[in-house]
1. What is the residue count in region 394-427 for residues that are in contact (Cβ under 8 Å) with a residue 24 or more places away in the chain and surrounded by 18 or more Cβ atoms within 10 Å (Cβ to Cβ)?
2. Can you tell me which residue within region 146-172, out of those that are farther than 23 Å from residue 381 by Cα and in contact (Cβ under 8 Å) with a residue 60 or more places away in the chain, is most open to solvent (accessible area, probe 1.4 Å)?
3. Quick one: which of 199, 127, 178 is touching a residue at least 60 places away in the same chain (Cβ under 8 Å), out of contact with any helix residue (DSSP H, G or I) (no Cβ under 8 Å at 6 or more places or on another chain) and among the hydrophobic types (A, V, I, L, M, F, W, C)?
4. Which count do you get for residues in region 133-159 that are more than 17 Å from residue 65 (Cα to Cα), assigned to a loop (DSSP other than H, G, I, E, B) and charged (D, E, K, R)?
5. Within region 299-324, track down each residue that is of a type in the set (Gly, Ala, Ser) and either open to solvent by 20 Å² or more (accessible area, probe 1.4 Å) or within 20 Å of residue 285 (Cβ to Cβ) (or both).
6. Scan region 20-71 for residues that are open to solvent by 20 Å² or more (accessible area, probe 1.4 Å), closer than 19 Å to residue 103 by Cα, under 23 Å from the mean Cα position of the chain (by Cα) and not charged (D, E, K, R) and report the count.
7. For the structure I just gave you, tell me whether residue 390 is at pLDDT 95 or above, open to solvent by 30 Å² or more (accessible area, probe 1.4 Å), at negative phi and more than 28 Å from the chain's Cα centre (by Cα).
8. Which one is nearest to residue 180 (Cα to Cα), of the residues in region 229-250 that are surrounded by fewer than 18 Cβ atoms within 10 Å (Cβ to Cβ) and modelled with pLDDT under 95?
Amino acid sequence: MLSSAETAEGDKYVLAVSNLTGRTLVLNRPQTLNSLTLPMVQSIKRRLQEWEESELCNVVMIRSNSAKAFCAGGDVVQVSRDWQHGNRGAAMRFFQAEYQVNHYIASYKKPIVALLSGYTMGGGVGLSVHAPFRVASETTVFAMPETKIGFIPDVGATFFLPRLDGQTGVYLGLTGRLLRGRDLLYAGIATHYVPTERLPLLEQRLQGVGTSDYDVVNAAIEEFAAQPEDAAIEYSLAGVRECIDRCFQHSNMEAIVEALRTEAKSAQEAHAKWARETLDTLGKMSPSSLKLALDQLRKGQQLNIQGAFALELRLAEKRLASHDMHEGIDALLVRKTNDPKWDPPALEQVDMARLYEEYFSTVPNYRPWFVDPAAAFSEYPHKFGLPTERDIGAVVTGANPQAGDFGMSRGGVLQFFDREYGSKIGVGQKVAWVLDRKTRTLPDSDVLQWVD
């Protein structure tokens, strides 16, 4: 239970706006890029509970008062201080409360629309990526940079990253790679792309939509979506997606590093350059965080959403008890020298058998809290983004019964997705790009064959 002062603090930094049948949570701590505190998280939960029960509320939106940042993460500096000063319960309550809100957003009974302007990282991703509607703009900058501070990708990353196309999620979770603007749409992190200048009008439209029907809300957002300037896909990972899958398909970090070293010798300079830069990036991360995060994300493919948060909470406690998390936070966010001294300092010195024993041999001291304990799904209940590579492959191979089990031409596949997605902006570009990479035309025929 928070004190009245803590409740007031939360309400100061999380504003509640009501207009017609729309409700908006406005993150209002711009001086810290809206970094989340426990009072803020509790304020968000309280408002969501009120609005879920209110007959006057149809749609909930989450946005920032700052153009610079939606939310750049949790206030891990304070969490680290709490732990180091002996207040370990306070440090862990933050993660319990944060993960509870993340799960609540994923299982909410009304449409939630996250409007992502500016930096959307760590805790900000947790407030948005689990919502059925995530709207990116030209200012959106996404990242999960936790391995850089000696932590692990959390806020549900165990669940959502492994469900992105191919090895994209593993790559993003290990490297903290930045994605911008339309990147989020094509990666599957955002469901829509709306220019910043249209966002106030979109919020106004949703405030008056007058229904909690998800399809109606989706159509309303689509009214404001912007067409790509080019027919080709505008995706910064497009040119290296095959490299990502080749290098990050492995189950241990040593094999990933070796694959990157091989890729760095590629005759295609763009691929070689990407591999060299990726090796340099990984070399700056906590070696133990990298190994734990890779194992975590592989496990996440098989976990339901509650299992994912339970794993993250166990890892959060163990990382707080480690050297690397406090060293990383201090070096990057306090001293700002960007020179953390990791222990151990190299991947080959990380003893995974010892880490497993340390992290998993005992019953966890803290368990996750869930507002809706029945919500334990293995796939998100709503799909309003672009089709995934798996969706496209199912149509080409005949595994999707709606498309039939007969061979389809390229034009037929494009028409199928245009029809199924109601001419949604971005679908044509995504499907065409995937078909270019993953199919070939059978001899003496226009029928496509899927190539893994």
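1. 8
2. As a first pass, look at region 146-172 and keep what is farther than 23 Å from residue 381 by Cα: 146-152, 171-172.
Now restrict to residues that are in contact (Cβ under 8 Å) with a residue 60 or more places away in the chain: 146-152, 171.
Numbers: 146: 14, 147: 0, 148: 79, 149: 23, 150: 0, 151: 5, 152: 0, 171: 7 Å².
Of everything passing the filter in region 146-172, 148 is most open to solvent (accessible area, probe 1.4 Å).
3. 199
4. 1
5. First, pick out the residues of region 299-324 that are of a type in the set (Gly, Ala, Ser): 300, 307-308, 310, 316, 321-322.
Selection gives 300, 307, 310, 316, 321, 322.
6. 2
7. no
8. 234
The values are calculated or read from the model by the stated rules, or taken from the named source; none is laboratory data. Since we're looking at a predicted model, the values are computed, not measured. Neighbour counts are summed over all protein chains in view; Cβ atoms, including those assigned to glycine, are modelled from backbone coordinates with ideal geometry. Accessible surface is based on the protein model in full, side chains and every heavy atom, while ligands, DNA and RNA are left aside. Shrake-Rupley method; radii C 1.70, N 1.55, O 1.52, S 1.80 Å.
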